[in-house]
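Below you'll find the structure, written out as structure tokens, and then a few comments.
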């Protein structure tokens, strides 16, 4: 008797319904992949992880109320067996290494074809690391030559980048504190450090910089 093929359960964490619908449609014709749920926030994602027990989570880095990095860290902490594949419009050169450190198992740009996305999901499920050849070469070169001093947005810590991104999405200090689970004072400290690293003189300049960056992260 032929063994029944296992269907791998996929959770989509993205706050754009059109993207989620597109992924559902893309995977609908695959016998071994099924979208079992979707989430747009960290709280929805954690609930869905417990409820649906997915094999893999596709996570965007820009969510309405939370940072995708925070979602990745939370999933890795609560269900380390879940494979996490970042699916985003953000620049791989800036984010790939950060997401891998946070607990992701791959990074795919939203500009890839449907076939490439499906292949990436399957590679992730096989336990393979999914990054571009260029990024792989970059990480190898970095390991061989040592860490060079980062500049600009790349110089921000993961938490500073989360704060910077939320500023660019229009969130105020209190909203950022609530979203990240930290105090208002801590957010203000991060904001001051970001201003120094990005060499901006005022909060309004920082906001304009952050908004422009969120609109064009690459």
Subject >> Enumeration of residues in the stretch 170-212 that are crowded, with 19+ Cβ neighbours inside 10 Å and either in a loop (DSSP other than H, G, I, E, B) or assigned by TED's automatic domain parsing to the domain that holds residue 101 (or both) >> reply: 171
**OP:** Filter the stretch 17-42 for residues that are part of a loop (DSSP other than H, G, I, E, B) and farther than 15 Å from residue 117 by Cβ and give the result.
**Re:** 31, 40, 41
Original post:
Of all residues in the stretch 43-76, which are in contact (Cβ under 8 Å) with a residue 40 or more places away in the chain and either part of a helix (DSSP H, G or I) or over 19 Å from the mean Cα position of the chain (by Cα) (or both)?
Top reply: 52, 53, 68, 69, 70, 71
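The values are calculated or read from the model by the stated rules, or taken from the named source; none is laboratory data. A quick note: this is a predicted structure, and the numbers were derived from the prediction, not measured. Reconstructed Cβ throughout: ideal geometry from the backbone, glycine too, with neighbour counts over all protein chains shown.
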